[in-house]
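Colleague: Encoded as structure tokens, here's the structure I'll be asking about.
The values are calculated or read from the model by the stated rules, or taken from the named source; none is laboratory data. Keep in mind that this is a model prediction, so the values were computed, not measured. A quick note on method: Cβ atoms are made from the backbone with ideal geometry, for glycine too, and the neighbour counts reach across all protein chains shown.
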């Protein structure tokens, strides 16, 4: 009888030790998996959800996250306005769930659509935009040209179409100074 109790106690201790080791291993694996995640993997599952972005220049944006690219985000704001946000200008994101996408799982085509590509589409549309810079300044303009690391914008009155007679100046803006482009 005493032997049975001794062996039962040893088995219970071994099982408790095994459970503790298994729990520690699960915690360590979870830390490793989270450590492999990038910002894009945290943002991609939030597509279709409302988020709030704190950007450089005290710019606060909120809306439904509709697209995520390797260097940009697209928000659908109230009243159907869209805002293209340079990922480098994002300083904080609120409203995310606990979900994450698998690391390096962005489709190849999407992973190649950088900020310049999206800005070229805006320039092709010739639509008036409001450009928000990381220093907090704002320009009402039309994007004329898009380079690899800059854009050129013709500054004119807000909401007006670009007309040569209305253009006040043409400004070159490096992407490093760009926070968001609102249509």
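Colleague: Do we find that residue 43 is assigned by TED's automatic domain parsing to the domain that holds residue 106, touching a strand residue (DSSP E or B) at 6+ places or on another chain (Cβ under 9 Å) and either at pLDDT below 90 or in a helix (DSSP H, G or I) (or both) in this structure?
Modeller: Working: assigned by TED's automatic domain parsing to the domain that holds residue 106: yes; touching a strand residue (DSSP E or B) at 6+ places or on another chain (Cβ under 9 Å): yes; either at pLDDT below 90 or in a helix (DSSP H, G or I) (or both): yes.
Spelling it out, residue 43 is indeed assigned by TED's automatic domain parsing to the domain that holds residue 106, touching a strand residue (DSSP E or B) at 6+ places or on another chain (Cβ under 9 Å) and either at pLDDT below 90 or in a helix (DSSP H, G or I) (or both).
Colleague: Determine which single condition residue 170 fails, assuming it passes every other condition in (1) without any contact (Cβ under 8 Å) to a residue 40 or more places away in the chain; (2) on the phi < 0 side of the Ramachandran plot; (3) part of a loop (DSSP other than H, G, I, E, B).
Modeller: (3)
Colleague: Listed residues 112, 162, 120; which is farther than 14 Å from residue 87 by Cα and at pLDDT 95 or above?
Modeller: Working: 112 fails: at pLDDT 95 or above; 162 fails: at pLDDT 95 or above.
So the residue among 112, 162, 120 that is farther than 14 Å from residue 87 by Cα and at pLDDT 95 or above is 120.
Colleague: Next up: Looking at region 69-100, which of the residues that are in contact with a helix residue (DSSP H, G or I) (Cβ under 6 Å, 6 or more places away or on another chain) and modelled with pLDDT under 95 is nearest to residue 117 (Cα to Cα)?
Modeller: 70
Colleague: Please find, among 167, 171, the residue that is over 24 Å from the mean Cα position of the chain (by Cα) and modelled with pLDDT of 95 or more. Show your work before the answer.
Modeller: Details: 167 fails: modelled with pLDDT of 95 or more.
Sole residue among the options that is over 24 Å from the mean Cα position of the chain (by Cα) and modelled with pLDDT of 95 or more: 171.
Colleague: Another question about this same structure. State the number of residues belonging to region 75-108 that are more than 12 Å from the chain's Cα centre (by Cα), surrounded by 14 or more Cβ atoms within 10 Å (Cβ to Cβ) and assigned to a loop (DSSP other than H, G, I, E, B).
Modeller: Count: 4.
Colleague: Same structure, new question: Select, from 119, 139, the only residue that is in contact (Cβ under 8 Å) with a residue 12 or more places away in the chain, part of a helix (DSSP H, G or I) and within 25 Å of residue 92 (Cβ to Cβ). Explain how you work it out, then say what you get.
Modeller: Values: 139 fails: part of a helix (DSSP H, G or I).
Going through 119, 139 in turn, just one is in contact (Cβ under 8 Å) with a residue 12 or more places away in the chain, part of a helix (DSSP H, G or I) and within 25 Å of residue 92 (Cβ to Cβ): 119.
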